[in-house]
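K.L.:
Starting off with a structure, shown below.
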4 protein chains.
Amino acid sequence: MEEGRTNEKRGTILDSAERLFAARGPAATIDEIAREAGVAKGTVYLYFPSKEELYLSLVEDRIDSYLVQSRQALLEAGPAEEVLRLLVHMRMQFVSEHLGLLNTLFQSCVPGTAHIHERIFRAKRTAQRVFAEAIERSLPRLSVDTEHFLIMVSGMADHLVMHQVYLHGTFDPEATAETVLQLALPSLKAVVAEEIGEHEQSLAGTDAPGP
Amino acid sequence: MEEGRTNEKRGTILDSAERLFAARGPAATIDEIAREAGVAKGTVYLYFPSKEELYLSLVEDRIDSYLVQSRQALLEAGPAEEVLRLLVHMRMQFVSEHLGLLNTLFQSCVPGTAHIHERIFRAKRTAQRVFAEAIERSLPRLSVDTEHFLIMVSGMADHLVMHQVYLHGTFDPEATAETVLQLALPSLKAVVAEEIGEHEQSLAGTDAPGP
Amino acid sequence: MEEGRTNEKRGTILDSAERLFAARGPAATIDEIAREAGVAKGTVYLYFPSKEELYLSLVEDRIDSYLVQSRQALLEAGPAEEVLRLLVHMRMQFVSEHLGLLNTLFQSCVPGTAHIHERIFRAKRTAQRVFAEAIERSLPRLSVDTEHFLIMVSGMADHLVMHQVYLHGTFDPEATAETVLQLALPSLKAVVAEEIGEHEQSLAGTDAPGP
Amino acid sequence: MEEGRTNEKRGTILDSAERLFAARGPAATIDEIAREAGVAKGTVYLYFPSKEELYLSLVEDRIDSYLVQSRQALLEAGPAEEVLRLLVHMRMQFVSEHLGLLNTLFQSCVPGTAHIHERIFRAKRTAQRVFAEAIERSLPRLSVDTEHFLIMVSGMADHLVMHQVYLHGTFDPEATAETVLQLALPSLKAVVAEEIGEHEQSLAGTDAPGP
DNA sequence: TATGAATGAGTGTTCATTCAT
DNA sequence: TATGAATGAACACTCATTCAT
């Protein structure tokens, strides 16, 4: 019960942090976040050892809850195409609920950029892997790296969202998802077709572009 | 000559700024930038009225030179597919030369985030439009919005690069470009096919592939 | 008690500010003031939002306490002449305790001069009005504007003090008050006489004295 | 001729300095002053070794020219009363032409306040002495120190002007002069009367209030 | 647990002054 | 003489973090 109350306060602080990072970017202050959460500045430090850790916890927490939500849906996975549709729609759903994070995700809120980016990267990758596995379950051998495929799809989606947001202030999750799928599905099909046998433009073989 | 010297120093400062913003993100200090450029702190303010403006000038300058380089190549445009290949390869080339900017591009380096993002957005969009026109010249009526198409392609590319960089420290421009094209080209063809054939709008879902 | 402690620190800072503005004029540094007050720089900003506001608070606070002291004495007001004597003596008393302010009163301590002067002017005028009313209570209808009369008297006094201070480093409040009254009292009497007699407005020029 | 041209430029700079110190107080910049004067920043330093010296030169120059103007008029001195009228009117005239200086006269434009004030004091005192002598010529033995008398009169005048200016933005030199004289003349007469023989309220005797 | 007063290192920016041309 | 690019010391102000209560 004590713990329940404790976690509740932690959650309140995270929510405030999200609102403020979304609104003011890295310039958001511990003071502001505490005020918004209705606690004293010192209290924030009882739950998070530093501003950096608060920020990272926020990102990790949101990515985590995204993962939890999505995993649920992925269990009822249909064919690969359906999985992809589901993933894109869920991402748009998530992004529309946490638009601020998209703006913030690549911003370092404190010095020491590299270190932070790395941790965010790790969190994002964990999610990506889960999704990749889901796709691979229904479409075992794909000619392109599934993870790369998903990275590209989410990159497409995020960029498009940002474009819409800058242009119109908001975006329509459903419509944007469809636009993304217009681009992603033909490729998925091409990859599958190739998988079955007819190589047309040698998609595969370039594989993982590393250094 | 007088002017040459002036622009030379401006360029030196921009270069130092790029290096430092890349290495330390928004935390990069005017002091550091000046030292790296071999000038006094006050000198930076002779060329840029504020840190914010220095940062924006940097981004705009790089986007601009990217545009100039690309426009050259686009003049010898072949069919749409070739244009797309060219664009992706050039972007990867550019990104590999300005990797730091990718990390920085969405970061606000000073308070007042919204305002800054807007200006960067404007700069990016100007470039995007030029490229969209180039594609439309060789493939006049496309079923998807050309600008959206390009936004998605660049989003794919940038995300993939970041992934590689976090994973391996660097990335191979050529290989990454090819991976991106694996995803983008089938869609372009699908769109063109549709253009030629009888479909009207929705690319996706027309003929679902077997699982 | 909590409040007592807070106000105590505020008072300490104001005292230090007064000493330093007196000694070094507008060039006094927040750093110096903080050090003199025995607090950290940041603490000053806990009590005053800016150097400008610290300076204005100082002036307003001193004028206020001057007003409070004087009001006390004015309640036991005798005839107009006595009121005037009282006022001049109290002013000299106040000035001798806050000599630094006299040097500083017309100095702007930060850019935005006009705005600051206006606020100081307002504070001074509030005091002046209180005094004008006190005089008017005992000498209802005066032929010169009472406020103008008081402005001139205080101008005389302040100038004389500054003269003494530059010349000798200090000044004798009592003696200076008497010198001021030598000039002011005849005029007050003349005004009263006129009030009683047959002149209407112009004091001067009515009966020119022999050379 | 060369010298004539030189002095002309010096004068131009002083004029610009006056305008800018009047408008922006101590915050006025050498840069601004130079621009206003139509010369390069470095040129200012050919004529004045420092900002401080520029400021002091300005004050001294203006006081000097005030002295020159007044001396002219004082040569045709009539009786003491007339001399006083003349002095007050000329001061108001001068002040109305150099209103900015009044605002600036007590402002230190650079650190090192004491040192500057002393020099300004010296300049003002030189003028005061000349005027005191003029009065003493026509009214040889006065019971109050003539210099003190003049200091007080000018203090009255300056204060009244500032009051008007803050209140209405400008002031009427003639009207203000008359208001000042309303206060000053009766005292002069009282002093003279006393001089002649009838002591009424023992004005004299307190004499110079020093430490 | 919770508070919020206190801290002080850190930074963007200004501007008087210099000096090579 | 005249210029104005370059300098760098100086300073107001911020804010993450601590700690006594």
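K.L.:
Only residues that are at pLDDT 95 or above and hydrophobic (A, V, I, L, M, F, W, C): list them for the stretch D:23-52, please.
P.N.:
Of everything in the stretch D:23-52, those that are at pLDDT 95 or above and hydrophobic (A, V, I, L, M, F, W, C) turn out to be D:Ile30, D:Ile33, D:Ala34, D:Ala37, D:Val39, D:Ala40, D:Val44, D:Leu46, D:Phe48.
K.L.:
Every residue in the stretch C:33-53 that is within 14 Å of chain D (Cβ to nearest Cβ) and within 13 Å of DNA strand E (Cβ to nearest atom), please.
P.N.:
Once the filter is applied, which keeps residues that are within 14 Å of chain D (Cβ to nearest Cβ) and within 13 Å of DNA strand E (Cβ to nearest atom), the stretch C:33-53 yields only C:Lys51.
K.L.:
Look at D:Ser96 and say whether it is under 30 Å from D:Leu181 (Cβ atoms), touching a helix residue (DSSP H, G or I) at 6+ places or on another chain (Cβ under 6 Å) and in a helix (DSSP H, G or I).
P.N.:
yes
K.L.:
Of the residues that sit in the stretch A:64-100 and are within 12 Å of chain B (Cβ to nearest Cβ) and open to solvent by less than 40 Å² (accessible area, probe 1.4 Å), which one is modelled with the highest pLDDT?
P.N.:
A:Val88
K.L.:
Filter the stretch A:161-178 down to the residues that are open to solvent by less than 50 Å² (accessible area, probe 1.4 Å) and aromatic (Phe, Trp, Tyr) and list them by number.
P.N.:
Listed by number, the list holds a single entry, A:Phe171.
K.L.:
Right, next: From the list B:Gln201, B:Gln128, exactly one residue is modelled with pLDDT under 90, in contact with a His (Cβ under 9 Å, 6 or more places away or on another chain) and either under 17 Å from A:Gly155 (Cα atoms) or not assigned by TED's automatic domain parsing to the domain that holds B:Glu97 (or both). Which is it?
P.N.:
The match here is B:Gln128.
K.L.:
Now, a different point. The conditions are (1) open to solvent by 60 Å² or more (accessible area, probe 1.4 Å); (2) more than 10 Å from DNA strand E (Cβ to nearest atom); (3) of a type in the set (A, V, I, L, M), and A:Ala22 fails exactly one of them. Which is it?
P.N.:
The single condition A:Ala22 does not satisfy is (1).
K.L.:
Tally up the residues in the stretch B:121-160 that are of a type in the set (Ser, Thr, Tyr) and open to solvent by 30 Å² or more (accessible area, probe 1.4 Å), please.
P.N.:
The number of residues fulfilling the criteria is 3.
K.L.:
Tell me, which residue of the stretch D:22-67 that is in contact (Cβ under 8 Å) with a residue 24 or more places away in the chain and over 25 Å from the mean Cα position of the chain (by Cα) is farthest from D:Gly169 (Cα to Cα)?
P.N.:
D:Thr43
K.L.:
Return the total of residues in the stretch C:29-63 being within 12 Å of DNA strand F (Cβ to nearest atom), in a loop (DSSP other than H, G, I, E, B) and open to solvent by 20 Å² or more (accessible area, probe 1.4 Å).
P.N.:
Qualifying residue count for the region: 5.
K.L.:
Let me ask something additional. Hey, among the residues in the stretch A:171-191 that are more than 7 Å from chain B (Cβ to nearest Cβ) and more than 12 Å from A:Met92 (Cα to Cα), which one's modelled with the lowest pLDDT?
P.N.:
This residue is A:Val191.
K.L.:
If you don't mind, there's one more thing I want to ask. Please determine whether any residue of the stretch C:67-81 is touching a Lys or Arg at 6+ places or on another chain (Cβ under 7 Å), within 14 Å of DNA strand F (Cβ to nearest atom) and assigned by TED's automatic domain parsing to the domain that holds C:Arg122.
P.N.:
No, the stretch C:67-81 contains no residue that is touching a Lys or Arg at 6+ places or on another chain (Cβ under 7 Å), within 14 Å of DNA strand F (Cβ to nearest atom) and assigned by TED's automatic domain parsing to the domain that holds C:Arg122.
The values are calculated or read from the model by the stated rules, or taken from the named source; none is laboratory data. All of these numbers come straight from a predicted model, not from anything done at the bench. Neighbour counts run over all protein chains shown; Cβ positions are idealised from the backbone, glycine included. For the accessible areas, the whole protein counts, side chains as well, though only heavy atoms, and no ligand, DNA or RNA atoms are used. Shrake-Rupley method; radii C 1.70, N 1.55, O 1.52, S 1.80 Å.
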